[in-house]
Amino acid sequence: MAASVWMRCVTAAVKLKCFSPSFTVRRCLLSAAYTDTKVWESREKDPQNLALLANLMDRTYDRNLPVSSLTVSRFVDNITSTEEVDQAEYYLYKFRHSPNCWYLRDWTIHSWVRQCLKYGQREKALHTLQNKVQYGIFPDGFTFNLLIDSYIKDKDYKSACAVVEEVMLQEAFDLRSTQILSFYALGHYLATKPTLAVSGERALGASLLICGLTDRSTIGLSAQVIGNTLLGKVEMQNGIHAVFKAMPLHWAHGYLDRALAVMEEVSAGTGDAALTKDALDLMGDVLADLSSESESSGEDTDEEEKNKQDAVDEDDEAERAKLPLYVARFQELRSHLESSGKVEASSFQTLVSALAQKELSAAEGPDLERYQEQVQGWEAERAQLIQREREMREKAEQEKRERLAVSAAAQ
C-alpha cells in the first residue's frame with residue numbers, strides 16, 4: 001500500500017514537472033553549443049577601468065584627436081551592467097562620427113551584440129543595427145544568428161523579422177543557418193497575418209524575396225512568390241519609386257509579373273518543387289484587392305482624375321494597366337498547378353518549421369568551426385594592435401625624454 005502511494009506521488013511529480021508552466025522551456029532553434037559563450041569568454045582578458053577609459057576618450061575628443069579602435073573595443077569588452085551598455089552606445093556613436101570611423105573592429109561589433117544580449121539590452125543591439133550608418137554596426141552571419149534566435153526564443157517574430165530585414169539590406173544570407181532562421185522568422189510572422197504599412201510590406205516582401213532567391217525548393221520558390229507579390233502590391237499602389245527605397249532590388253517595373261514568372265517556372269518544371277497553397281492564396285487576395293481598387297478609382301470625378309494624371313508616372317500607369325492580364329494569367333497558372341499536383345497543402349509556416357528541425361543542426365557545424373577560427377584570427381589581430389600601441393607609447397616616451405634632455409642641456 002505504502003509503495004503504491006509512493007508511486008502515485010512520483011507520477012504526479014513527473015507530470016507536474018512536464019506540464020507546469022513554471023517548468024516550460026522557451027523555444028530556441030539554435031543549439032546550446034551554438035549559443036554557448038565558452039569560446040568567446042576563453043579569450044585573453046584585458047581588464048580595464050571604464051571610468052578611466054571614458055575620461056580618456058572624452059579628453060581625446062575634446063582635443064579633436066582620434067580615439068583608437070582598440071580603446072573602443074576595450075570599453076565594450078569590459079561592460080558589466082546595463083548602465084554601461086548605455087555608455088558604450090554613446091561611445092560607438094562618437095567613434096562612428098570621428099576620423100577613425102572606418103576602423104571599428106569586427107570583434108567589437110560581435111562583442112557589442114553579445115553584451116546587449118547578456119545584460120538584457122537586446123533592443124539596444126537592434127536599435128544600433130537599424131541605425132547602422134550612425135553607429136557602424138554591420139554584423140556577420142554568426143552574430144546575426146544569435147540575435148534572430150534570441151527573438152525567436154521569446155516568440156517575438158516581428159522583432160526577429162526586423163533583424164532579418166537588416167540581413168536582407170546587407171545581402172548577408174551566405175550562411176545556410178542564417179537563411180533557415182530567417183525563413184523561420186518570416187514564416188511565423190506571416191502566419192500572424194500582420195497589418196502592415198507600405199514600409200512594412202516593402203521590407204517583408206524584400207526580405208522574403210532575397211532570402212529565397214538562392215533556394216530552389218518549395219520554400220524558396222514560395223518565398224519568392226510572396227515577396228514579389230507584396231512588392232508588386234506596393235508598386236501598383238504607390239509606384240516603382242516606393243518599392244526601391246533603400247532596398248537592394250531591381251529598379252524595374254513588373255514585380256507581379258516576376259511572381260507569375262515563378263509560378264510558370266514551377267508549372268513547367270519536372271522536379272518535386274511546388275508552391276504552397278497559402279502563398280497562392282495571398283497572391284490571389286492581393287490581385288483581387290488591387291482589382292477592386294482599380295474599379296473604384298474609375299468612379300473619381302473628372303477633376304480628381306485630372307489631378308491624378310498630373311501626378312502619375314507614365315510607366316507606373318502602364319504597369320497598372322496590365323493588372324487584368326496578370327489576374328487572368330494567375331488564374332490560368334494556378335489551375336495548371338493544381339491539376340499537375342504542384343500545390344503544397346502544408347502552410348509556409350509548417351514547411352519552415354520542418355526545415356529548421358531537419359537542417360539547422362547540420363548547418364551549425366560549419367558555422368561553429370568557422371567561428372572558432374574567426375575568434376583566433378580576431379585575437380591575433382588584437383594582439384598586434386596592443387603590441388603596436390605599446391611600441392608607439394614607448395617611442396613617444398623616448399621622444400619626450402630626448403626633448404627634456406635637450407631642453408635641460410640648453411639651460
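What follows is calculated from the coordinates using simple rules that are stated; it is not laboratory data. Treat the numbers as computed from the prediction; the structure is a model and nothing was measured. Cβ: placed from backbone, ideal geometry, glycine included. Neighbour counts: every protein chain shown.
Quick notes on this one:
- Projected area averaged over orientations for the range 332-407, convex hull of C-alpha atoms, nm²: 11.2 nm²
- Positive-pole candidate from 387, 407, 377, dipole of the range 367-411, charges at beta carbon: 407
- To the nearest ten degrees, helix 82-96 and the longest principal axis of the Cα atoms of the chain are 90 degrees apart.
- Convex hull projection area averaged over all views, the range 136-209, Cα basis, nm²: 4.7 nm²
- Taking every Cα-Cα distance in the range 82-152 and sorting them into 5 Å bins starting at zero, the pair-distance distribution P(r) comes out as 4, 17, 32, 27, 15, 5, 1, 0 percent.
- Label separation (residue 37 vs residue 339): 6.1 nm, computed from points 7 Å beyond Cα along the C-beta direction.
- Degrees between helix 141-153 axis and first principal axis of the chain (Cα, 0 to 90, nearest 10): 60 degrees
- Placing pseudo-labels 7 Å out from each Cα toward the beta carbon at residue 397 and residue 285 gives an inter-label distance of 7.0 nm.
- When the convex hull of its Cα atoms is projected in every direction, mean area for the range 235-285 (nm²): 4.5 nm²
- Entries of 158/322; 124/155; 94/158; 193/358; 45/395 with Cα pairs more than 28 Å apart: 158/322; 94/158
- Net dipole in debye of the range 175-300 [+1 Lys, Arg Cβ; -1 Asp, Glu Cβ; about Cα centre; nearest 20]: 660 debye
- Assigned charges on the beta-carbon of Lys, Arg, Asp, Glu; the chain dipole about Cα centre (debye): 2460 debye
- Among 49, 343, 76 the positive-end extreme of the charge dipole of the chain (Cβ point charges): 49
- Ranked by the mean number of other Cβ atoms within 10 Å per residue, highest first, peptides 347-353, 87-93, 58-64 order as 347-353, 87-93, 58-64.
- Packing around the peptides 219-230, 122-133, 315-326, 106-117, taken as the average count of other Cβ atoms within 10 Å per residue, puts them in this order, highest first: 219-230, 106-117, 122-133, 315-326.
- The value of relative contact order for the chain, using C-alpha pairs under 8 Å at least six residues apart, is 14 percent.
- Dmax and Rg, reported as Rg then Dmax, of the chain (C-alpha, Å): 27.9, 105
- Per-residue ellipticity at 222 nm, computed for the chain from helices alone with -39500 (n - 2.57) per DSSP H run of at least four residues, works out to -24000 deg cm²/dmol.
- Under Karplus coefficients 6.51, -1.76 and 1.60, residue-wise ³J(HN,Hα) of the range 335-341 in Hz, glycine/proline x: 4, 5, 4, 5, 5, 9, x
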